[in-house]
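Asker: First, the structure itself, so that you have it in front of you.
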Amino acid sequence: MSIEKVILEAKNIQSDRLKNINFTLHEGEIITLIGPSGAGKSSLLMLLNRLEDPNEGTIHYLGKDINEYPLEQLRKRIGMVFQSSSLFEGSVEDNLKFGPSLFDEWKPERGKELLEVVQLPKEYLDKNVEELSGGEQQRIAFARTLANKPEILLLDEVTSALDVKNVELIERFLKEIVPNQVKAMMMVTHDIEQAKRLGNRTFFMNNEEIVEQGRTSQVLEAPKTNTLQAFLKE
Amino acid sequence: MAPEISNVSMFFLVFFVLIPVSLSYFYALGLSKSIFWSSFRGVTQLFLIGYVLTYLFSLEPLTGISIMLTVMIVVAALHASKKGQGIPFVRSITFLVIVLIEIFVLVMWLGFDMISFQPDQVIPMSGMVIGNSMVAIGLALERMKSEFKEGKGKIIAALALGAKPEQASKILVRKIVKASMIPNVDGLKTIGLVQLPGMMTGLILGGVAPIEAIRYQIVISLSIFASVSLSAMLVTVIFYRFFFNKNQQMIQMKES
Ligand SMILES: Nc1ncnc2c1ncn2[C@@H]1O[C@H](COP(=O)(O)OP(=O)(O)OP(=O)(O)O)[C@@H](O)[C@H]1O
Ligand SMILES: [Mg+2]
């Protein structure tokens, strides 16, 4: 058994919407998060880049408490993509350069590279985001987050509004970017098959808690708790 | 001397009131009572303000102007800040913003000798600026609340990219300031072609030559434009911070 490097560690987290959260995220790994609506999946992700703070407990990123990082740096290094693509008004390029410009790191050639990663033609740079299809918008949202060169990616139901083709495309490039561009990833999904396809480990959340966690195959094929068994049957 | 409208002539305005009243009666709109009441109230208010202004104009310029400006600014601040219920310090900050704007226009007007420090000039001109700023601030506050609610996903996305609240808000603030300017930009384009602006109309009726009247109109129109854009800008750059906590997280605004 190889000893993988821990990059994120949450200990005894209690918040308004979460109880007893304990887990580690290792380098090179994809964790998929599943669970019923309102279980606290999004709330958990938001704690990791400090879009929210817990009442108790600690989260360490690369061995250091996340509260010790400058907030902007932490959020840059732990990137997040959301369900509704939440693009800003303006052109594709305006969106792609938003993050890097905050840190004076934008170079115009970056735009084309990023579009290539999400498999869109470079002519798209000048397009207004409103002219794009839902799938294209979501890919731009990905590219916008990748523009910051994050080390960890947090994804919240990023494919739930997309058709099969876009889902396939996004899954393929997610597999490509971990661990080459991004060290690790945590993704919330309501699609159990997707959790299987992408996850190395899977967490099942219910009622503000992580009820089961382990290797994806174990958690999903041999659920221990009745709640997870019932959830998987639905 | 300006031509006067006699009491007898004024009396025949009743016909103007009777038209909406009879329409209300004919179409069973049930508005007769409120038409009478609002007409009566409006007329009374105007007569009262006529007397108040006459009195204020007779005082020392500084006294008359101070009294009237204070009243106008307080009323405007109270009214505008209603639209921002739930935002901390909204009343006092709105008050200060209007005071700032009034000082700014007064400095311009008096400094460049556009008008003189007389109640009959300063009060009506200030009234127009304060009234328009009041509306602009109310709209900006209202838009701000709705934009921060509807645009919450965008703000959170911006924060998640490493933006500070100020930078994240910019995407919405731009929209709000722009929206506040557009009616003025449009209004200035057709000014005088469709409708003679109220102030100019008044001056012309009062016997001022049109070529003089337009000078006042230009001063007031541009002053209003400047104050309205400034109000919206100040309101948004001051108030955005109340939508965030010190850890650069969005906070839930209480519904009003
Ligand atoms: N902004 C908020 N203010 C107050 N309560 C909230 C807020 N957002 C979510 N909640 C509550 O917190 C709990 C956890 O919500 P969360 O969004 O984390 O669940 P989720 O697992 O992501 O659900 P879904 O699958 O529907 O996205 C729910 O009970 C929800 O109602
Ligand atoms: Mg969620």
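FYI, it's all coordinate maths here, none of it is from the lab. Just so we're clear, the structure is a prediction, and the values are computed from it rather than from any experiment. Ideal geometry is used to build each Cβ from the backbone, glycine not excepted, and the neighbour counts take in all protein chains shown.
Asker: What does the charge add up to near B:T94, with Lys and Arg as +1, Asp and Glu as -1, over the other residues with Cβ less than 10 Å from its Cβ?
Answerer: Around B:T94, the charge tally is +3.
Asker: Would you mind calculating the gained length between B:Q252 and B:A226 on full extension (0.36 nm times residue separation, minus the Cα-Cα distance), in nm to one decimal?
Answerer: 6.1 nm
Asker: Just from its helices, what would the mean residue ellipticity at 222 nm be for the protein assembly as shown, if runs of 4 or more DSSP H residues each count -39500 (n - 2.57) and the sum is divided by every residue, rounded to the nearest 500 deg cm²/dmol?
Answerer: Here the helix-only value at 222 nm equals -18500 deg cm²/dmol.
Asker: Rounded to the nearest 5, what % of DSSP beta bridges with both residues in the protein assembly as shown are antiparallel?
Answerer: 55
Asker: What does the net charge come to around B:S81 if you take all other residues with beta carbon closer than 14 Å to its beta carbon, with K and R at +1 and D and E at -1?
Answerer: +3
Asker: May I ask you to sort B:R41, B:R215, A:R201, A:R110 by Cβ crowding, counting other Cβ atoms within 10 Å and putting the fewest first?
Answerer: Least to most surrounded, the residues fall as B:R41, B:R215, A:R110, A:R201.
Asker: Over 20 Å between C-alpha atoms is what I'm after, so list which of A:K19/A:K41; A:K11/B:K246; A:K76/A:K196; A:K127/B:K152; B:K33/B:K83 land there.
Answerer: The answer is A:K11/B:K246; A:K76/A:K196; A:K127/B:K152; B:K33/B:K83.
Asker: Okay, moving on. Can you compute the FRET efficiency between B:E60 and B:F12 using 1/(1 + (r/R0)^6), with r the Cβ-Cβ distance and R0 = 51 Å? Round to the nearest 0.05.
Answerer: 0.85
Asker: Another question, if that's okay. Given the Cα-Cα distance of B:S39 and B:I19 and 0.36 nm per residue of separation, how much length would full extension add, in nm?
Answerer: Between B:S39 and B:I19, full extension yields 6.0 nm more.
Asker: How large is the convex hull of the C-alpha atoms of the protein assembly as shown per residue, in Å³?
Answerer: Convex hull volume per residue, Cα atoms: 226 Å³.
Asker: Give me the distance in nm between label points sitting 7 Å out from Cα along the Cα-to-Cβ direction at A:Q181 and B:Q195, one decimal.
Answerer: About 5.5 nm separates the two model spin labels.
Asker: Please express the shape of region A:31-176 as an equivalent ellipsoid: the semi-axes are the square roots of 5 times the eigenvalues of the C-alpha gyration tensor, given largest first in whole angstrom.
Answerer: Three semi-axes, in Å: 26, 20, 13.
Asker: Separate question: Report the residue, chosen from A:V164, A:V219, A:V211, that carries the largest GNM mean-square fluctuation when chain A is represented by alpha-carbon nodes joined by springs under 10 Å.
Answerer: A:V164
Asker: Next question. Report the calculated FRET efficiency for A:T58 and A:R215 (r = Cβ-Cβ distance, R0 = 25 Å), to the nearest 0.05.
Answerer: With a Förster radius of 25 Å, E is 0.45.
Asker: Something else about it: What percent of all Cα-Cα pairs in region B:60-243 falls into each 10 Å bin, going from 0 up to the bin containing the maximum distance?
Answerer: 9, 33, 31, 18, 7, 2, 0
Asker: Oh, and also: Put a dot 7 Å past each Cα toward the Cβ at A:E9 and A:A161; how far apart are the dots in nm?
Answerer: 3.8
Asker: Just to verify a number: FRET efficiency for B:I67 and B:I5, C-beta to C-beta distance, R0 = 30 Å, to 0.05?
Answerer: 0.60
Asker: Moving to a separate point now. Under the 0.36 nm per residue contour assumption, what length would be gained going from the current alpha-carbon distance of B:Q85 and B:I211 to full extension?
Answerer: Difference between extended and current length: 40.9 nm.
Asker: Rounded to whole Å and sorted largest first, list the principal axis extents of the Cα atoms in region B:1-58.
Answerer: 48, 21, 12
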